[in-house]
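The values are calculated or read from the model by the stated rules, or taken from the named source; none is laboratory data. Nothing here was measured: the structure is a model prediction, and the numbers come from that model. No Cβ is skipped: glycine too gets one built from the backbone with ideal geometry, and neighbour counts run over all protein chains shown.
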Amino acid sequence: MFILVSLPYFAFMIRFERHTLANGLRMTVHRDEGTPMATTDILYDAGARDEDPGATGFAHLFEHLMFEGTPRIPFFDVPVMMAGGENNAFTNNDITNYYITLPANNLETAFWLESDRMRGLDLHEERVNNQKSVVTEEFRQRYLNQPYGDLLLLLRPLAYRIHPYRWSAIGMDISHIERADSASARRFYDRFYTPSNAILSVAGNVDPDKVFTLAEKWFGEIPAGVKHSRSLPVEPEQDERRELTVHRPVPSAHLTMAFHTGARISRDFYVLDLLTDILAGCDSARFPSILVRKKELFSDADIYISGEADPGLVIFSGRLKDGVDIRKAEEAVTDELRRVADDRVSVAELEKARNRYESHRLMSYMNAANKAFNLAYHEVLGDAAGINTEKEQYMSVTEEEITAASQLTFRPENCSVIHYLPEKR
């Protein structure tokens, strides 16, 4: 007998305070007395979508350049380690994010470091060339010379025709970074790395008023810069199936299918995020159960939503078992997606997905660094309070909404497909 157990609907709120400096730097502070640590997260509203189509990869290049130091602080990592902290960064199509976690009583060290590299990064030719070499080698090793590494490089220009999501965060072509120089790096830095284009989020054992005072001290005198105004081309609705077949030196075939969907703050995102969890979010989900174990077509089968700020993709990704015809495998995936569109998901499946979301959320927000980032990220999406309101978005998703979103999304003409096949011997 199957017994459905629901997790309690926790009223778990991330409390925070806001402040904006005169130069436009937006701030959020969350006080967490349960940790001796603090995280400063500074998010720049600049990602791969903001690049010139003829000079892509600069957002990612700057993720590296920001650790090259300044004339005042030539080695960024040394003061962080001396303060007992750690730091890192990441870039995607929408943002570039930097964070430092350290003992809360050393918080001012993080402000000193972040304000210094916002103010005066060292962009001499030697520094730029050093990181160009690192990034171009990363491009080769992770995307060009690794099995299946170029899949997203192939998928994006297939799915997108005019929107800058048509290239990955690493860039469209390795030659774009190879041509970068100190002057082009300076233009990108001056355009995007300004207080008016940044969000500073702090979470940990801190006093918000003292944090705001420190921010005024270290960031208040930095010129605001020109607030970046984004005007990107709107991707037209896809009206026909697109297919690409490539042969590569890989051990087995791989099937990728991408379907256009709504933006990160659209209702579709929450509905389809839960649906992809129902389909592939755990070992007992539909795709592992049916496509992998029952039909034995795939060795692994996943589906996920890309979650970009602008309208993104739902992406199926599966590696085929030896001897399986890729068109037969694609037909099986299509059948399962059609089954979702024609028949409602069960109450038990939806409740299980909601429970997993709630559990992951609670576990994630035990970490101050995750709270700092998510406050900054929701602020760049439009309102930091979204960190608390999005739970209701997930919990209110209905079976009817999943059916409707499936019917709209998983249409043949809305699909871009890559058949990634082993080279013929």
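Tell me which residues, restricted to segment 184-243, are in contact with a Gly (Cβ under 9 Å, 6 or more places away or on another chain), among the hydroxyl-bearing types (S, T, Y) and outside any loop (DSSP other than H, G, I, E, B).
S196
Mind checking which helices (runs of 4 or more DSSP H) fall wholly inside segment 58-138 and carry at least 3 residues that are surrounded by fewer than 21 Cβ atoms within 10 Å (Cβ to Cβ) and among the hydrophobic types (A, V, I, L, M, F, W, C)?
Numbers: elements: 58-65, 77-82, 107-119, 125-138.
Output list reads 77-82.
Only residues that are out of contact with any strand residue (DSSP E or B) (no Cβ under 7 Å at 6 or more places or on another chain), of a type in the set (A, V, I, L, M) and under 23 Å from D310 (Cα atoms): list them for segment 357-394, please.
L381, A385, I387
Just give me the residues in segment 336-359 being over 30 Å from R411 (Cβ atoms) and not polar (S, T, N, Q), in sequence order.
E358
Return a yes/no flag: does segment 28-39 have any residue that is within 21 Å of F188 (Cα to Cα), at pLDDT 95 or above, outside any helix (DSSP H, G or I) and in contact with a helix residue (DSSP H, G or I) (Cβ under 8 Å, 6 or more places away or on another chain).
Here is the first cut: in segment 28-39, the ones within 21 Å of F188 (Cα to Cα) are none.
No: segment 28-39 contains no residue that is within 21 Å of F188 (Cα to Cα), at pLDDT 95 or above, outside any helix (DSSP H, G or I) and in contact with a helix residue (DSSP H, G or I) (Cβ under 8 Å, 6 or more places away or on another chain).
Go through (1) closer than 30 Å to P233 by Cα; (2) free of Cβ contacts under 8 Å to residues at least 60 places away in the same chain and name the single condition S317 misses.
For S317, the exception is condition (2).
Quick check on my filter: what residues within segment 139-148 are buried (at least 17 other Cβ atoms within 10 Å of the Cβ) and not hydrophobic (A, V, I, L, M, F, W, C)?
Correct list: Y143 only.
Can you tell me which residue in segment 267-308 is surrounded by the most Cβ atoms within 10 Å (Cβ to Cβ), limited to those that are outside any helix (DSSP H, G or I) and of a type in the set (A, V, I, L, M)?
If we take residues in segment 267-308 being outside any helix (DSSP H, G or I) and of a type in the set (A, V, I, L, M), then A301 is surrounded by the most Cβ atoms within 10 Å (Cβ to Cβ).
So which residues in segment 244-266 are within 8 Å of H419 (Cα to Cα) and exposed (fewer than 15 other Cβ atoms within 10 Å of the Cβ)?
Listed by number, the residues that qualify are L244, T245, V246.
Under the condition of being touching a residue at least 60 places away in the same chain (Cβ under 8 Å) and more than 24 Å from I402 (Cβ to Cβ), which residue from segment 330-373 is surrounded by the most Cβ atoms within 10 Å (Cβ to Cβ)?
A372
Do we find a residue being free of Cβ contacts under 8 Å to residues at least 60 places away in the same chain and part of a helix (DSSP H, G or I) anywhere in segment 157-173?
yes
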